[in-house]
1. Per 0.36 nm of contour for each residue apart, how much would the distance between residue 68 and residue 215 grow if the chain were fully extended, relative to their Cα-Cα spacing?
2. In whole angstrom, note down how far apart the Cα centers of segment 37-112 and segment 162-178 are.
3. Take the alpha-carbon centre of segment 1-33, take the same for segment 215-241, and report the distance between them in whole Å.
4. Mind ranking 138-148, 72-82, 13-23 by how tightly packed they are, going by the mean number of other C-beta atoms within 10 angstrom, highest first?
5. In nanometres, what is the gap between the two model label sites at residue 127 and residue 97, each 7 Å from Cα along Cα-to-Cβ?
6. Please state the Cα pair-distance histogram of the chain with 5 angstrom bins from zero: what percent is in each bin?
7. Tell me whether segment 50-184 comes out rounded, prolate or oblate; compute the Cα gyration tensor, take square roots of the eigenvalues as a ≥ b ≥ c, and use a/c under 1.5 as the rounded threshold.
8. In debye, nearest 20: dipole of the chain around its Cα centre with unit charges on the Cβ of K, R (+) and D, E (-)?
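A short reminder: the numbers here are calculations on the coordinates, not readings from a lab. Just so you know, these numbers come straight off a predicted model, no measurement behind them. All Cβ positions, even for glycine, are placed from backbone atoms using ideal geometry, and neighbour counts span all protein chains on display.
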Amino acid sequence: MRRKLVVGNWKMNGSLAQLKELGAIASAARNSPGVDVAVCPPFTLIAPARARSAGLAVGAQDCHGKDSGAFTGSVSAAMLKEAGARLIIVGHSERRAEHRESDAAVRSKAEAALRQGLQAIVCVGESDEERRAGRAVEIVSGQLAGSLPQIGEGEGEIVVAYEPIWAIGTGNTATPQDVAEMHAAIRAELGRALGGRGGSVRILYGGSVKPDNAAELFAVPDVDGALVGGASLTAKDFVPIIEAAAGAGR
Ligand code: 13P
């Protein structure tokens, strides 16, 4: 049985003042012992967030694929771990698009996170155009095959997040049928890539997850949690999503 995992991705939002939201979010996490909860604020807020969030894991939104070196402006997984991060999102579609990150670059970032014993959340997802062309499963399976790290014993955990690009920040959520089809395809690809271990990898859905659609999404087979953008910025919206995950696990 895979535990539900609910992760907030604050993207380039937030401030020290906004960390006050973490009190109620951490309290909801402590009241939902069957659910793992994490928040990924911008790099500069990781250490202060960690100090204010007992019961809540804190993560990052990206890392470099190398452990150290002459890479101006970049941050390594080891540095993020030292700041208090327990997980790192890699290959988000906003980074794949804006920073032209390839599948190979995403894989090296995921492997860097795993080398530090951190969770790597590998994001995949098709564009609107690709879905309309009937190529969604093919595109996502290809991204996964190219981005998935090879894990060894004793290293960190791989998590996959399916985030259809057309559902991010648009209010358009994928239908439960579309999500079920894609998560089953991802589960099959995980089996091909990782053998028996593929069955224990958690697959999150992301893209306009809100308090009013979370329960329906968590009821879909192979949906092991959510990667939440806008609705993770306030406790008012994020806490009901955590509670929906707790309800789905009962
Ligand atoms: P929204 O929940 O704002 O649609 O963002 C989803 C996302 O990109 C999370 O990584």
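1. Details: separation 147, 0.36 × 147 = 52.92 nm, distance 4.16 nm.
Length gained, residue 68 through residue 215: 48.8 nm.
2. First find each Cα centre; the distance between them is then 24 Å.
3. About 11 Å separates the Cα centre of segment 1-33 from the one of segment 215-241.
4. My ranking of the peptides, most packed first, is 138-148, 72-82, 13-23.
5. 0.9
6. 1, 7, 15, 19, 21, 18, 12, 5, 1, 0
7. Taking the square roots of the gyration eigenvalues as a ≥ b ≥ c, segment 50-184 is prolate.
8. Taking the Cα centre of the chain as origin, the dipole is about 640 debye.
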